[in-house]
1. Within the range 159-166, is there a residue that is in contact (Cβ under 8 Å) with a residue 40 or more places away in the chain, assigned by TED's automatic domain parsing to the domain that holds Ser229 and surrounded by 18 or more Cβ atoms within 10 Å (Cβ to Cβ)?
2. Would you mind stating whether Gly279 is under 19 Å from Asp81 (Cα atoms) and either without any contact (Cβ under 8 Å) to a residue 12 or more places away in the chain or of a type outside the set (A, V, I, L, M) (or both)?
3. When you go through Gly65, Gly98, Gly59, Gly76 one by one, which is the residue that is surrounded by fewer than 24 Cβ atoms within 10 Å (Cβ to Cβ) and closer than 25 Å to Arg25 by Cα?
4. Looking at (1) touching a strand residue (DSSP E or B) at 6+ places or on another chain (Cβ under 6 Å); (2) in a strand (DSSP E or B), which one does Ile39 not meet, given that it meets all the others?
5. Among the residues in the range 242-256, are any in contact (Cβ under 8 Å) with a residue 40 or more places away in the chain and under 21 Å from Val99 (Cβ atoms)?
6. Please work out which residue is surrounded by the most Cβ atoms within 10 Å (Cβ to Cβ), limiting yourself to the range 184-228 and to residues that are of a type in the set (Ser, Thr, Tyr) and closer than 22 Å to Ala357 by Cα.
7. Those residues that are outside any loop (DSSP other than H, G, I, E, B) and either in contact with a Gly (Cβ under 6 Å, 6 or more places away or on another chain) or among the acidic types (Asp, Glu) (or both), I need them from the range 133-174; list them, please.
8. Limited to the range 283-317, what total is found for residues that are part of a loop (DSSP other than H, G, I, E, B) and surrounded by 19 or more Cβ atoms within 10 Å (Cβ to Cβ)?
Amino acid sequence: MSAPTAAAAAERVAWRGGRLVLPDRVADDRVLLTVGGRIEAVCRDGDVTADTRRRDLDGAYLLPGLVDVHTHGALGRSFLDGDDVAFDAIVREQARRGVTSLLATTSTAPFADILAALATTRAWMEPGRPGARVLGAHVEGPYFAAAQSGAQDPAHLRNPDDGSVDALLAYADAIRMVSFAPELPGAEDLTRRLVELGIVAAAGHSSATDDVLARCEGLGLSHVIHLWSGQSTTVREGPWRRPGLLEASLASSTLTGEMIADGKHLPATLMALAWKAFGPDRLCLVSDATSGAGLPDGSTFTLGALTYEVHDGVGMMPDRSAFAGSSTLLDGMLRVVVQQLGVPLFEAVRAASLTPARVVGVDRTKGSLAAGKDADLAVYAPDLTPLETLIAGRTVARGLEGAPT
């Protein structure tokens, strides 16, 4: 790949000689034009003017920067640490993987720790920071059902009616999404308040039945987190079957949802079912990566006050009774979906870029290679190894060396 040169802020660049991953196809016969930090056009090579600088992709894929709306950490650091050192390490590693935007995701912990992480998130939303851009926070917990808490710390679970919501929503400007159990006391009022503030109300870690979810959906709840993980399923009451959160999610034609496509959380059959039920326009690929992401097997990591282990390429509880988030970042999810499920690359990329961008309301400027959008780009090798990541037309990271991890 040809080396970049220093360029003026408004220089026109033609990205040519590669394969452009557009929302509806992979185009071998198109060039991407960027001017400064924006995409100007997708055009043919013959339409490029002589004064335009060429960047030869040497057969690589050019993707829109990936958008991860559910990610907790990497390299032994967590957004819940709430400090600049942790944020810096995580967003730089995310950028190396082709992620250009993310939601700093918290987890169930002492409430003061969540608020401290939100304060740091607010500061990292400012321009000029390194690595992947922090769009805001995804507050995952502490309003979860104990029976579906999974790796969330049960000692710090709360109900939304306990008086804590006011303190949480003092950081509404830094929050893009809150996930909670719809059956808890105060969940309906929380849904109303989130929707009024323009925050995505999402269901997760829940024992809800379908009628309970429907009530919150009627109030504006629009998203469900990590399908199958922390989701109630059908129960019997005498001869009657009561669908749970999982079945209600899969049957919906309006909810958006998430899939952890690390090849560990879900077997191929369930990933295929999620893809069939939601499709790439409603399903977000998410990493749900913890601070164990990027660490070798046998490494320990923390999520709040609890300690977990990377085992067999995934985060696990010490007793192996449950997963504890993923140790794979979003580039790895793309490889699984394309190489193991056989999903077309352009659809997999849509689920990892345009769809999550739409879910959190930034699709006018991010998520696809389209005129007028930010020049947030990821260059991937033919084997889907990330090579280079650009934000607003500027290189922010070089990718991985050697084989995919």
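1. no
2. When the stated conditions are applied, Gly279 does not pass them.
3. None of the other options fit; the residue is Gly59.
4. (1)
5. yes
6. Thr191
7. Listed by number, the residues that qualify are Glu140, Gln148, Asp166, Asp173, Ala174.
8. Total meeting the criteria: 8.
The values are calculated or read from the model by the stated rules, or taken from the named source; none is laboratory data. Keep in mind the model is a prediction, meaning the values are calculated, not measured. Positions of Cβ are generated from backbone atoms using ideal geometry, with glycine treated the same way; all protein chains shown enter the neighbour counts.
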